[in-house]
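This report refers to the structure that appears directly beneath it.
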Amino acid sequence: MSKTQASGKGSRVLQVLKALRGHTITGLSNKDLADALGCSPATITRDMADLIDAGLAVKLENGRFAHSVQMLQIAQAHAEHVAKLQSRIIEINCRIAAGA
């Protein structure tokens, strides 16, 4: 596989992850993803297998695909990190306003 092919696949897999956004409970079908990304269902099948192997996606009981718990934990950790930093910024701004 050439570097361009690998790069294209990596980009497409990231697009799959983005397409799954907002579909954690109901998931998206192979066809939904293929239509959204303009590629074949066979390509989506391979990409989803890679994402499932990496622990970033799951196949739901209804046969559709969604982000995995591990992927959601990554998102949650990011949200918690941002909230912590926001609290710190507020604390600093209060100290500045108080002249301390």
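The values are calculated or read from the model by the stated rules, or taken from the named source; none is laboratory data. What you see is a predicted model, and the numbers here were worked out from it, not measured in a lab. FYI the Cβ positions are ideal-geometry reconstructions off the backbone, even for glycines, and counts take in every protein chain you see. The protein model used for the area step is the full one, side chains on, heavy atoms only, and it has no ligands, DNA or RNA in it. Shrake-Rupley method; radii C 1.70, N 1.55, O 1.52, S 1.80 Å.
Based on Cα contacts under 8 Å between residues 6+ apart, the range 1-89 shows a relative contact order of 25 percent.
Computing FRET efficiency as 1/(1 + (r/R0)^6) for K59 and S87, where r is the C-beta to C-beta distance and R0 is 25 Å, gives about 0.05.
In this view, the solvent-accessible surface of V16, computed with a 1.4 Å probe and all protein chains in place, comes to about 0 Å². The amide H of S29, built 1.01 Å from its N in the peptide plane, has F65 as neighbours under 5 Å, considering only residues 5 or more places off or on other chains.
Can you work out the FRET efficiency for the pair L72 and A49, with r the C-beta to C-beta distance and R0 = 22 Å, to the nearest 0.05?
About 0.65, to the nearest 0.05.
List the lysines whose alpha-carbon lies under 28 Å from that of K9, not counting same-chain residues fewer than 8 positions away? Straight-line reach from K9, under 28 Å: K18, K31, K59. Once the gyration tensor of the Cα atoms in the chain is diagonalised, the equivalent ellipsoid follows with semi-axes of 38, 17, 11 Å, ordered largest first. Distance between the 7 Å Cα→Cβ label points at L37 and R21: 1.6 nm. Whole-Hz Karplus values for the range 87-95 come out as 4, 5, 5, 4, 4, 5, 4, 5, 5 Hz, taken residue by residue from phi with 6.51 cos²θ - 1.76 cosθ + 1.60 and θ = phi - 60°; glycine and proline positions read x.
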